[in-house]
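Student: Would you mind keeping the following structure in view while I ask a few things?
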Amino acid sequence: MTTATVGAREGDAAVVAARVLMAAIFLVAGTRKLMTYGATLGYFAKLGIPLPDVVLPLTIALEIGGGLLLVAGWRVKWVASALALFTLATAFAAHAFWSADAAQFNAQLNNFLKNVAMVGGFLLLIVHARATGTVR
């Protein structure tokens with residue numbers, strides 16, 4: 001076994017770990033939305049999300065389905081792209097720190113920045129998938 005082979009295996013393991021870690025938040029969030037469907041529907045309406053009764057099931061499907069597909073490594077470039085766009089849109093729609101009251105400012109800023117950082121992680125997964133020709 002060469003050093004290059006060992007390095008490639010370690011890199012592959014790191015990418016799998018990254019996919020699992022990136023997926024975890026979506027699997028938990030989607031499951032929680034499903035378990036608290038009525039309350040989440042009200043929250044979506046409070047946020048001003050149009051057609052919350054249509055958007056909520058789509059959001060749950062994207063979070064759980066996208067999370068599972070990301071863990072499985074299926075079409076990583078496309079799944080990571082969809083989750084990146086969703087995560088960035090969520091940052092602006094649900095974590096508007098610029099209009100939050102003083103009590104919520106820090107929490108909303110942290111969540112906004114967390115979403116932006118996650119988009120950066122998705123960009124790395126996309127670049128890696130393109131570079132390695134991952135098509136699964």
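Student: Of the residues that make up segment 9-29, is at least one aromatic (F, W, Y) and either over 19 Å from the mean Cα position of the chain (by Cα) or in a helix (DSSP H, G or I) (or both)?
Tutor: Yes, because at least one residue in segment 9-29 is aromatic (F, W, Y) and either over 19 Å from the mean Cα position of the chain (by Cα) or in a helix (DSSP H, G or I) (or both).
Student: Tell me, please, whether a residue that is without any contact (Cβ under 8 Å) to a residue 24 or more places away in the chain, out of contact with any strand residue (DSSP E or B) (no Cβ under 8 Å at 6 or more places or on another chain), in a helix (DSSP H, G or I) and among the polar types (S, T, N, Q) can be found in segment 75-92.
Tutor: no
Student: Looking only at segment 46-57, count every residue that is surrounded by 10 or more Cβ atoms within 10 Å (Cβ to Cβ), at pLDDT 95 or above and either among the small types (G, A, S) or assigned to a helix (DSSP H, G or I) (or both) and tell me the total.
Tutor: Counting residues in segment 46-57 that are surrounded by 10 or more Cβ atoms within 10 Å (Cβ to Cβ), at pLDDT 95 or above and either among the small types (G, A, S) or assigned to a helix (DSSP H, G or I) (or both) gives 5.
Student: Of the conditions (1) farther than 18 Å from F44 by Cα; (2) surrounded by 13 or more Cβ atoms within 10 Å (Cβ to Cβ), F112 fails just one. Which one is it?
Tutor: (1)
Student: Under 8 Å between Cβ atoms, which residue pairs at least 6 apart in sequence (or on different chains) link something in segment 3-31 that is among the aromatic types (F, W, Y) with a partner that is at pLDDT 90 or above?
Tutor: So the pair list comes out as F26/L62; F26/E63; F26/I64; F26/G66; F26/G67; F26/L70; F26/L83.
The values are calculated or read from the model by the stated rules, or taken from the named source; none is laboratory data. Computed from a prediction, not measured in an experiment: that's the story for all the values here. Every residue, glycine among them, receives a Cβ derived from its backbone with ideal geometry; neighbour counts consider all protein chains shown.
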